[in-house]
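Here is the structure we will look at, set down as structure tokens.
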Amino acid sequence: MMRPDILKRFLTNTDETGRFLMKSKITGIIYFVEPIYNGKTPKWGDVDPATKQITGNYGSKYTGAITKKESLLTEENGFKNIGYFKGSPFGAIDARDKAHQEAMGLL
């Protein structure tokens, strides 16, 4: 069972974390999604005309993702069937939901 504080933490600051929920209209299952990145962001900012160096560290704000270490989707927090994949999560969610539909006798 998911810890009660996790949902609030999951949905806090979603612009920065990229976390979101997706609820299946067929099975009613709510899928939790966390975009994960390796912690390295592109270096970009303002170019100082005198030194030609980049100033400002804008690449570390509003990444729209978290590192694996920051993930809330853990068994300790009550999540099961945790999966990792590259690319869009929607195909993986659709495949999982179809499997649940079959198990529920909806297909």
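Values as computed for the structure displayed
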item	result
Rounded to 10°, Cα long-axis angle of helix 89-103 versus longest principal axis of the chain	10 degrees
Residue-averaged 222 nm ellipticity for the chain, from DSSP H runs of 4+ at -39500 (n - 2.57), nearest 500	-7000 deg cm²/dmol
Three principal axis lengths of the chain [C-alpha, angstrom, descending]	69, 28, 19
Carbon and sulfur %, accessible surface of region 4-104 computed with the full protein complex present, 1.4 Å	55 percent
Cα-Cα over 21 Å, subset of K25/K68; K68/K98; K25/K86; K25/K98; K23/K98	K25/K68; K68/K98; K25/K86
Solvent exposure of the chain as accessible area per residue, Å², 1.4 Å probe	75 Å²
Euclidean distance of C-alpha centroids, region 80-106 and region 14-33, integer Å	12 Å
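The values are calculated or read from the model by the stated rules, or taken from the named source; none is laboratory data. Since the structure is predicted, the reported quantities are computational estimates derived from the model, not experimental observations. We work out accessible area using only protein heavy atoms, side chains counted, and drop any ligands, DNA or RNA first. Shrake-Rupley method; radii C 1.70, N 1.55, O 1.52, S 1.80 Å.
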